Amino acid sequence: MSAARGSSMDFFGHQERARSATRWLLVLFTLAVLAIVACIHTAATLLLVAADGAQLWQPEVLLVSAASTLLVVGLATAFKTAQLRSGGGKVARLLGGRRVDPSTHDPQERVLRNLVEEMAIASGVPVPEVYVLDDEPGLNAFAAGWQPRDAAIAVTRGCLDQLDRDELQGVVAHEFSHVFHGDMRLNIRLMGVLFGIVCIATLGRVIVRSVGRAPIRSSGNKKGGGAAGILLFGVALVAIGYLGVFFARLIQAAVSRQREFLADASAVQYTRNPRGIGMALAKIGGLGARLQTPEAETASHMLFADGVPRLFGGLLATHPPLRDRVARILPGATALLAKGATLTAAAATAPLPAAPEAARSTAGTLGVSSFVASVGAPQQEHLTAAQQLLRDLPLEVLSATREPKRASALVLALLLDGDPERRRSQLDELVRTDAALGHDTAGLAQALRGTADAARLPLLDLAVPALRQLPATDRQALERSARQLALADGQLQPFEFALLQVLARHLLVRESPPQRSTRVTSLVGHAESVRLLVGFLAHAGNPDDTAAAAAFAAAQRHLGAPALGTPPERGATAPAALAAAVTDLGTVSPLGKRNLLAACAVAAGHDGQIAAAEVDLLRALADCFDCPVPLLVPAPATATL
């Protein structure tokens, strides 16, 4: 398991491998389509030869067969991909999921939401949408989405009914690994590709049913013979379609298996509780994970366990055998299984493996290496800190994160100025614009007094699901009000910029769906954007211009390339230009993002300290680059870089 664990911790390497897997997916898809074209051409040629005595080689038949097949497969793939464009919630609903309301009072759903919220806060991502597949008694789950900002976590009713809290936590942690590491984007693309391949069988069944309803006359009748030929061609398409199903399952198996081992290892790393996920897998062995929805076939590769029957002895299975997964998580189970113990008994009684040495976290010191190593790799101490943070929040504040209107007021309360006079002026303006919103903001600002600065960004992450339920006009109005509050004093502070970035990225996601085909670029091609961003961080972390220049130079040395030139003057970078720079840098390759985040940490902490607002800014920037940084564990304020 150690090898798997080491791989799972290499966030940027895993992202790079996800990009490579996408290229392999394209190659396999092309080969599958070519094989289908060849089969359809052969079937059409044989039918023509049998009907009219035509020659075997007819280029026009090949042209029509190829063009028709490519058109059908291409249109079906484009249709399914467009259908899934809005993100993970759409996938969950296609599979029969029901969104769990953030303020749900159902005890089982509340446990599920708590687990998702804890993992999201610990890992540094806004809380994903949560779904339950009410009509599915099997034990299964999945994460879906193009990227973390439109992710959804879904579990079956069987998981809620059959798993205890530790086991469900292991399942949720497994799915968060897919959220972090780029697996979701690959999986959702795979759904579109597989739909395009298997639609040939669907087309064949439509032809068979349509022609089969009409009476077929004697074979000497031209109309009857033509109908019989069409019927035979439909049957051939059904048979060829099953070849497409074979290729689809082959592609799913090729893409998915190793990722499941890595996600299992990541779940153990996140929770430090191998028994939890081990027992969840063992219970699946006894209770099953089969999904009843017709969409299970095209979504089987993204599930927690096999959601469809294993064919050819598991040769085309999308998941490794349960015994192998349990044995990797709990090595002591292997001997018990060899003695005839059931999978559940072996997982329940196997000795726990020695706890692996925890990776350097962001507790106490926030060094460049520990900051970068923490990306996408929350530890058990981060989960514990998240649980404590939730317990320490005032009940009024916590409930506000789950109600759309009050969540809006909470966002604005986080942006109120520390100066009493300015705060009073801001609240008066809010009351004039919207009396109810202004009064709620004032009340929540009072409730927030005494709340640790480290809780501010997690509060926003908690509020995102509720805020997304607001009408589009209300969300846009909230973003405008937040921007006005942040810029009321003419200066953009680090936390203010961090909050605005999170809002723009997550709150307005429905108005600007993520681009699906963004070209990955090299960091060296974004020198001006790097200069603006690193310069802003250098000034934010160093009030003295000389020290800021030294921090900028240190970050430039750390990068090596590109040459950044001189830093921008303090306050000279407009907020819009800074936001545009962040957006521009979002296309950088995973390994380029690693170097960029390291340079940002150097610039922010060059003075030997990283204040809470600077930590928030670093975490918000990392989130913008789809590189979630875990929660800062409470510790001394100094940071060594």
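The values are calculated or read from the model by the stated rules, or taken from the named source; none is laboratory data. Model, not experiment: these values are computed from the prediction. Please note: Cβ atoms are built from the backbone with ideal geometry, for glycine as well, and neighbour counts cover all protein chains shown.
Quick check: anything in the range 118-126 surrounded by 22 or more Cβ atoms within 10 Å (Cβ to Cβ), in contact with a strand residue (DSSP E or B) (Cβ under 7 Å, 6 or more places away or on another chain) and not small (Gly, Ala, Ser)?
The answer is no, given that none of the residues of the range 118-126 is surrounded by 22 or more Cβ atoms within 10 Å (Cβ to Cβ), in contact with a strand residue (DSSP E or B) (Cβ under 7 Å, 6 or more places away or on another chain) and not small (Gly, Ala, Ser).
Any residue that is more than 25 Å from residue 202 (Cβ to Cβ) and modelled with pLDDT of 70 or more - is there at least one of those in the range 29-49?
Checking the range 29-49: at least one residue is more than 25 Å from residue 202 (Cβ to Cβ) and modelled with pLDDT of 70 or more.
From the residues in the range 95-107 that are surrounded by 17 or more Cβ atoms within 10 Å (Cβ to Cβ) and in contact with a helix residue (DSSP H, G or I) (Cβ under 9 Å, 6 or more places away or on another chain), which one is nearest to residue 83 (Cα to Cα)?
By that ranking, first place goes to 95.
Right, residue 69: at pLDDT 75 or above, touching a helix residue (DSSP H, G or I) at 6+ places or on another chain (Cβ under 8 Å), farther than 24 Å from residue 189 by Cα and β-branched (Val, Ile, Thr) or not?
Taking the combined requirement at face value, the residue does not satisfy it.
Tell me, please, whether a residue that is touching an Asp or Glu at 6+ places or on another chain (Cβ under 6 Å), crowded, with 24+ Cβ neighbours inside 10 Å, at pLDDT 95 or above and not acidic (Asp, Glu) can be found in the range 154-162.
There is at least one residue in the range 154-162 that is touching an Asp or Glu at 6+ places or on another chain (Cβ under 6 Å), crowded, with 24+ Cβ neighbours inside 10 Å, at pLDDT 95 or above and not acidic (Asp, Glu).
From 396, 403, grab the single residue that is among the acidic types (Asp, Glu) and under 26 Å from the mean Cα position of the chain (by Cα).
403
Which of the residues that make up the range 446-487 are acidic (Asp, Glu) and farther than 16 Å from residue 507 by Cβ?
453
Within the range 419-464, track down each residue that is under 14 Å from residue 488 (Cβ atoms) and either of a type in the set (A, V, I, L, M) or within 36 Å of the chain's Cα centre (by Cα) (or both).
427, 430, 441
Within the range 509-526, is even one residue part of a helix (DSSP H, G or I) and charged (D, E, K, R)?
No, every residue in the range 509-526 fails to be part of a helix (DSSP H, G or I) and charged (D, E, K, R).
Within the range 239-248, track down each residue that is touching an Asp or Glu at 6+ places or on another chain (Cβ under 9 Å) and surrounded by 24 or more Cβ atoms within 10 Å (Cβ to Cβ).
248
A quick yes/no check of all residues on (1) modelled with pLDDT of 90 or more; (2) surrounded by 23 or more Cβ atoms within 10 Å (Cβ to Cβ); (3) farther than 30 Å from residue 382 by Cβ:
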{"site": "253", "(1), (2), (3)": "no, no, yes"}
{"site": "265", "(1), (2), (3)": "no, yes, no"}
{"site": "278", "(1), (2), (3)": "yes, yes, no"}
{"site": "281", "(1), (2), (3)": "yes, yes, no"}
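Quick test for you: out of 243, 291, pick the one residue that is under 21 Å from residue 193 (Cα atoms), among the aliphatic types (A, V, I, L, M), at pLDDT 85 or above and not in a strand (DSSP E or B).
291 is the lone residue from the list that is under 21 Å from residue 193 (Cα atoms), among the aliphatic types (A, V, I, L, M), at pLDDT 85 or above and not in a strand (DSSP E or B).
Which of the residues that make up the range 554-584 are under 19 Å from residue 625 (Cα atoms), free of Cβ contacts under 8 Å to residues at least 60 places away in the same chain and surrounded by 17 or more Cβ atoms within 10 Å (Cβ to Cβ)?
555, 559, 581, 584
Given the options 498, 482, name the one that is modelled with pLDDT of 90 or more, crowded, with 21+ Cβ neighbours inside 10 Å and under 21 Å from residue 126 (Cα atoms).
After applying the criteria, what remains is 482.
In contact with a Phe, Trp or Tyr (Cβ under 6 Å, 6 or more places away or on another chain) and touching a residue at least 12 places away in the same chain (Cβ under 8 Å), is that true of residue 97?
The answer is yes for residue 97.
Is there any pair linking a residue in the range 374-398 that is within 18 Å of residue 102 (Cα to Cα) to one that is among the hydroxyl-bearing types (Ser, Thr, Tyr) and at pLDDT below 90, with Cβ under 8 Å and at least six apart or on different chains, and which?
From the range 374-398, the pairs are 393/451; 394/451; 397/451.
Taking residue 12, is it within 30 Å of residue 154 (Cα to Cα), hydrophobic (A, V, I, L, M, F, W, C), crowded, with 18+ Cβ neighbours inside 10 Å and modelled with pLDDT under 75?
yes
Which pairs have Cβ atoms under 7 Å, sit 6 or more apart or on different chains, and link a residue in the range 404-419 that is more than 14 Å from residue 484 (Cβ to Cβ) to one that is among the polar types (S, T, N, Q) and at pLDDT 95 or above?
From residues that are more than 14 Å from residue 484 (Cβ to Cβ), there are no pairs.
Sort out for me the helices (runs of 4 or more DSSP H) sitting completely within the range 573-632 that have 1 or more residues that are of a type in the set (S, T, N, Q).
Those helices (runs of 4 or more DSSP H) span 575-585, 590-604.
Residue by residue through the range 62-94, note down the ones that are over 21 Å from residue 464 (Cβ atoms), β-branched (Val, Ile, Thr) and surrounded by 17 or more Cβ atoms within 10 Å (Cβ to Cβ).
Residues satisfying the conditions are 69, 72, 73, 77, 81.
From the list 503, 523, 508, 487, exactly one residue is surrounded by fewer than 19 Cβ atoms within 10 Å (Cβ to Cβ), within 23 Å of residue 588 (Cα to Cα) and modelled with pLDDT under 90. Which is it?
508
Just for the range 426-449: of the residues that are without any contact (Cβ under 8 Å) to a residue 40 or more places away in the chain and of a type in the set (S, T, N, Q), which one is farthest from residue 475 (Cα to Cα)?
Filtering the range 426-449 for residues that are without any contact (Cβ under 8 Å) to a residue 40 or more places away in the chain and of a type in the set (S, T, N, Q), the one farthest from residue 475 (Cα to Cα) comes out as 446.
Residue pairs, Cβ under 6 Å, 6 or more apart or interchain, first in the range 614-634 and in contact (Cβ under 8 Å) with a residue 12 or more places away in the chain, second surrounded by fewer than 24 Cβ atoms within 10 Å (Cβ to Cβ) and of a type in the set (Asp, Glu). List them.
Short answer, once both residue conditions are applied: 633/381.
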